[in-house]
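Enquirer: Attaching a single structure in structure tokens format; questions to follow.
The values are calculated or read from the model by the stated rules, or taken from the named source; none is laboratory data. As the structure is a prediction and not an experimental result, all values here were calculated from the model. Don't worry about glycine lacking a Cβ; one is built from the backbone with ideal geometry, like all the others, and counts go over all protein chains shown. We work out accessible area using only protein heavy atoms, side chains counted, and drop any ligands, DNA or RNA first. Shrake-Rupley method; radii C 1.70, N 1.55, O 1.52, S 1.80 Å.
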Amino acid sequence: MAEIGEFFAENPMAAVIAAGELGFWVVIAAGLAVRYVLRARRASAVLLAMVPLIDVVVLVATALDLSAGGEPGFTHGLAAVYLGFSVVFGPGLVRWADGWFAHRFARAPRPSKPRGKEKLRHEWREWGKCLLACGLAAVALLAVIFAIGEPERVAPLWGWFPRLGTVTVIWLFAGPVWEELAGTKERGGRRSAG
């Protein structure tokens, strides 16, 4: 445990990102608990409206760290990636959590998983969202790189672009391509069984 504290002390931006991720889930859980357990919809809406503020806090903390002379590094790039993925996937995660809270506390139907062709469409949409998130992260990285303007200082940030490319390729093959192959096999198996 001391090693984790030491890591965060040496990498304050990593602590900000970790706190942002934890805060994201705490605010969602609190907002949904207030909505479904306490039945206070207005208070719930206020809490859930705070979710995007977490992204703003991470963004401001990153900007302040860099403007105070912080050396651009891995965690600054991670903050850009966190921002991109949080902006794109955050609303869907809130809807997903809301569906489960409604099922658990308001007797709503159990959220269903997409199946068949809808599952394939879902995987393509999610991959499209991955592309958008990586694009936003790339724009944020480029903004920081050009704002700093010193090639030797921003070299670690350029290293994030191949990582973003790797994420999109892995997601493509683990998501829609895999579903296409598995779905074709599954549909073919159903036809032969009928």
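Enquirer: Identify all residues within segment 24-49 that are within 22 Å of the chain's Cα centre (by Cα) and either β-branched (Val, Ile, Thr) or open to solvent by 80 Å² or more (accessible area, probe 1.4 Å) (or both); write none if there are none. Give the derivation first.
Expert: Of segment 24-49, the ones within 22 Å of the chain's Cα centre (by Cα) are 24-33, 44-49.
Answer for segment 24-49, where residues must be within 22 Å of the chain's Cα centre (by Cα) and either β-branched (Val, Ile, Thr) or open to solvent by 80 Å² or more (accessible area, probe 1.4 Å) (or both): Trp25, Val26, Val27, Ile28, Val46.
Enquirer: Let me confirm something: among Pro52, Pro109, which residue is outside any helix (DSSP H, G or I) and open to solvent by 50 Å² or more (accessible area, probe 1.4 Å)? Walk me through how you get there before you give the answer.
Expert: Details: Pro52 fails: outside any helix (DSSP H, G or I).
One residue alone meets the criteria, Pro109.
Enquirer: Name the residue, out of Ala14, Ala61, that is open to solvent by less than 50 Å² (accessible area, probe 1.4 Å) and either at pLDDT 95 or above or touching a Ser or Thr at 6+ places or on another chain (Cβ under 7 Å) (or both). Write out each step before concluding.
Expert: Working: Ala61 fails: either at pLDDT 95 or above or touching a Ser or Thr at 6+ places or on another chain (Cβ under 7 Å) (or both).
Sole residue among the options that is open to solvent by less than 50 Å² (accessible area, probe 1.4 Å) and either at pLDDT 95 or above or touching a Ser or Thr at 6+ places or on another chain (Cβ under 7 Å) (or both): Ala14.
Enquirer: Looking at (1) surrounded by 15 or more Cβ atoms within 10 Å (Cβ to Cβ); (2) outside any helix (DSSP H, G or I), which is the only condition Pro114 fails?
Expert: Of (1) surrounded by 15 or more Cβ atoms within 10 Å (Cβ to Cβ); (2) outside any helix (DSSP H, G or I), only one is false for Pro114: (1).
Enquirer: Let me ask you something else. Here is a check on your reading of the model: is Gly175 surrounded by 14 or more Cβ atoms within 10 Å (Cβ to Cβ), more than 30 Å from Ala33 (Cβ to Cβ) and touching a residue at least 24 places away in the same chain (Cβ under 8 Å)? Step through it out loud before you land on a result.
Expert: On the way: surrounded by 14 or more Cβ atoms within 10 Å (Cβ to Cβ): yes; more than 30 Å from Ala33 (Cβ to Cβ): yes; touching a residue at least 24 places away in the same chain (Cβ under 8 Å): yes.
The answer is yes for Gly175.
Enquirer: Also, quick follow-up: Quick check on my filter: what residues within segment 143-152 are exposed (fewer than 15 other Cβ atoms within 10 Å of the Cβ) and part of a helix (DSSP H, G or I)? Show your work before the answer.
Expert: From segment 143-152, those exposed (fewer than 15 other Cβ atoms within 10 Å of the Cβ) are 143, 146-147, 149-152; that's our starting set.
Ala143, Phe146, Ala147, Pro151, Glu152, listed by residue number.
Table: residues versus (1) over 30 Å from Arg39 (Cβ atoms); (2) over 24 Å from the mean Cα position of the chain (by Cα); (3) at pLDDT below 95; (4) polar (S, T, N, Q).
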site: Arg107; (1), (2), (3), (4): no, yes, yes, no
site: Ser112; (1), (2), (3), (4): no, no, yes, yes
site: Gly116; (1), (2), (3), (4): yes, yes, yes, no
site: Glu126; (1), (2), (3), (4): yes, no, no, no
site: Cys134; (1), (2), (3), (4): yes, no, no, no
site: Val139; (1), (2), (3), (4): yes, no, no, no
site: Arg153; (1), (2), (3), (4): yes, yes, yes, no
site: Pro156; (1), (2), (3), (4): yes, no, yes, no
site: Phe161; (1), (2), (3), (4): yes, no, no, no
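Enquirer: Taking segment 69-96 only, how many residues are surrounded by fewer than 17 Cβ atoms within 10 Å (Cβ to Cβ), more than 22 Å from Ala138 (Cβ to Cβ) and touching a residue at least 12 places away in the same chain (Cβ under 8 Å)?
Expert: Looking only at that region, the number is 1.
Enquirer: Is one or more of the residues making up segment 22-38 farther than 23 Å from Gly84 by Cβ, modelled with pLDDT of 90 or more and either touching a strand residue (DSSP E or B) at 6+ places or on another chain (Cβ under 8 Å) or part of a loop (DSSP other than H, G, I, E, B) (or both)?
Expert: Yes, there is a match, as at least one residue in segment 22-38 is farther than 23 Å from Gly84 by Cβ, modelled with pLDDT of 90 or more and either touching a strand residue (DSSP E or B) at 6+ places or on another chain (Cβ under 8 Å) or part of a loop (DSSP other than H, G, I, E, B) (or both).
Enquirer: Among all residue pairs at least 6 apart or on different chains, which show Cβ distances below 7 Å where the first residue, located in segment 1-12, is assigned to a helix (DSSP H, G or I) and the second is open to solvent by 80 Å² or more (accessible area, probe 1.4 Å)?
Expert: Correct list of pairs: empty, since none qualify.
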